[in-house]
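Student: Let me give you the structure first, and then I'll get to my questions.
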Amino acid sequence: QVQLVESGGGLVQTGGSLRLSCAASGRTFGDYAMAWFRQAPGKEREFVATISRSGNNTYYADSGKGRFTISRDNANNMVYLQMNRLSPDDTAVYYCAAKWGTIRTAPSGFAYWGQGTQVFVSS
C-alpha cells in the first residue's frame, strides 16, 4: 500500500508558476514509477508527466512539454511537478499517482492515487 498526499495547488495568474509536491508513504518508494495526471471539470482525467523509479527517465504530455518538469527525491519520498508559463487551460485538479515497476501514461496502469490538489489559472 502506498499513500500519496499532494500539495502546492492554488490560484495563479496566466504566465505564472506553481510547484506541486506529492509526499509518499508506505512501501519502498523507489520501486514505484510516479506520475501526475489532471482532470478539468467535465473532462476525463489526462496524463501530464511521468518519471521512472530512478528518476533518470521522464515523459511529458504534449501540453506540458517545455513548461512542466517532473522530478523526484527518493531519499525523502517526494515527487514534484514544476509548472511554468501557466495558462487557463491548465486549470484542473492535479493528481499524483504511483505504479509498481516501469513508467506508463495510462491512468489505468496506476494503482495508487492521491486526493488531488486544485490549480486555478486566471486570465
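Student: Collect the residues in the range 109-123 that are of a type in the set (Ser, Thr, Tyr) and under 16 Å from residue 13 (Cβ atoms), keeping them in residue-number order.
Tutor: Answer for the range 109-123, where residues must be of a type in the set (Ser, Thr, Tyr) and under 16 Å from residue 13 (Cβ atoms): 122, 123.
Student: Filter the range 98-123 down to the residues that are closer than 15 Å to residue 50 by Cβ, surrounded by fewer than 18 Cβ atoms within 10 Å (Cβ to Cβ) and of a type in the set (Ser, Thr, Tyr), then identify the one that is nearest to the chain's Cα centre (by Cα).
Tutor: The selected residue is 105.
Student: Assess whether residue 66 counts as being open to solvent by less than 40 Å² (accessible area, probe 1.4 Å) and either among the basic types (Lys, Arg) or over 20 Å from residue 110 (Cα atoms) (or both).
Tutor: Spelling it out, it is not the case that residue 66 is open to solvent by less than 40 Å² (accessible area, probe 1.4 Å) and either among the basic types (Lys, Arg) or over 20 Å from residue 110 (Cα atoms) (or both).
Student: Pull up the range 44-63, narrow it to residues that are touching a Ser or Thr at 6+ places or on another chain (Cβ under 8 Å) and of a type in the set (S, T, N, Q), then point me to the one that is surrounded by the most Cβ atoms within 10 Å (Cβ to Cβ).
Tutor: Across the range 44-63, the extreme among qualifying residues is 50.
Student: Which number in (1) surrounded by 18 or more Cβ atoms within 10 Å (Cβ to Cβ); (2) part of a loop (DSSP other than H, G, I, E, B); (3) touching a residue at least 24 places away in the same chain (Cβ under 8 Å) marks the one condition that residue 95 misses?
Tutor: Result: residue 95 passes all but (2).
Student: Still on this structure: Give 35, 23 a once-over and let me know the one that is within 26 Å of residue 100 (Cβ to Cβ) and either surrounded by fewer than 20 Cβ atoms within 10 Å (Cβ to Cβ) or in contact with a Gly (Cβ under 8 Å, 6 or more places away or on another chain) (or both).
Tutor: 23
The values are calculated or read from the model by the stated rules, or taken from the named source; none is laboratory data. Predicted, not measured: the structure shown is a model, and the values here were computed from it. Methodologically, a virtual Cβ is constructed for each residue, glycine included, from the backbone with ideal geometry; neighbour enumeration extends over all protein chains shown. Areas reflect the complete protein model, heavy atoms only, side chains present, ligands, DNA and RNA absent. Shrake-Rupley method; radii C 1.70, N 1.55, O 1.52, S 1.80 Å.
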